[in-house]
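Student: Pasting a structure below so you can have a look.
The values are calculated or read from the model by the stated rules, or taken from the named source; none is laboratory data. On a predicted model such as this, the values are computed, not experimentally measured, just so you know. Neighbour counts are summed over all protein chains in view; Cβ atoms, including those assigned to glycine, are modelled from backbone coordinates with ideal geometry. Keep in mind that these areas ignore ligands, DNA and RNA; they rest on the heavy atoms of the full protein, side chains included. Shrake-Rupley method; radii C 1.70, N 1.55, O 1.52, S 1.80 Å.
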Amino acid sequence: MERLRKVWRGRTMTFGVPLLLYLVGGSFGLREFAQIRYDVHKLHGKVDPALKEKLKQNNVTLESEYKKLEKSDLNNWENIRGPQLGEDSRTVQKQRREAARLKAE
């Protein structure tokens, strides 16, 4: 009886067994939550047939996008500064227009 009491109060029973229970129980719990996630995705993941047809008709390819980029002029651009956190965007735009007007004169 004394030996059983000593084992029960030991470090293994105090810290080791609860840790193992949390690890094993946690893995089973996570598995169940992950399965719920996949089940919901399977139910709500069905795509409307009309939308599927619309997506099939959209013929955007990498080559067509590359041709659009080739047509645009990427060498002549101007860096436009946006408003900072404390600034009003309208005030910044007004200042930029004023500076551009004075620069043109």
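Student: Let me know the shape class of the chain, please: from the alpha-carbon gyration tensor, a ≥ b ≥ c as square roots of the eigenvalues, rounded when a/c is under 1.5, otherwise prolate if a/b is greater than b/c, or oblate.
Tutor: Oblate.
Student: Further, regarding this structure: Compute from the Cα atoms of segment 25-83 the Rg and the Dmax, the latter being the longest Cα-Cα distance, and quote both in angstrom.
Tutor: Cα-based Rg and Dmax for segment 25-83 come out at 22.8, 62 Å.
Student: If you fit an axis through the alpha-carbon atoms of helix 89-104 and take the longest principal axis of the Cα set of the chain, what angle between them do you get, 0 to 90°, nearest 10?
Tutor: 30 degrees
Student: Considering the dipole of the chain built from charges on the beta carbon (Lys and Arg +1, Asp and Glu -1) around the Cα centre, which of A99, L74, F15 is farthest to its positive end?
Tutor: The residue sitting farthest along the positive end of the dipole is F15.
Student: GNM on the chain, C-alpha springs below 10 Å: top fluctuator among E65, E87, E32?
Tutor: For the chain, modelled as a Gaussian network with Cα springs under 10 Å, the answer is E87.
Student: Relative to the first principal axis of the alpha-carbon coordinates of the chain, what is the inclination of helix 17-44, with its axis defined by its Cα atoms, in degrees from 0 to 90 and to the nearest 10?
Tutor: For helix 17-44, the angle is close to 40 degrees.
Student: Can you pull the percent of the chain's accessible area that's carbon plus sulfur, 1.4 Å probe, other chains left in place?
Tutor: C and S atoms contribute 59 percent here.
Student: With a 1.4 Å probe and all protein chains kept in place, how much accessible area does T91 have, in Å² rounded to the nearest 10?
Tutor: 70 Å²
Student: Right, another one. If the elastic network links every pair of Cα atoms under 10 Å, which of P83, P18, P49 fluctuates the most in the Gaussian network model of the chain?
Tutor: P83
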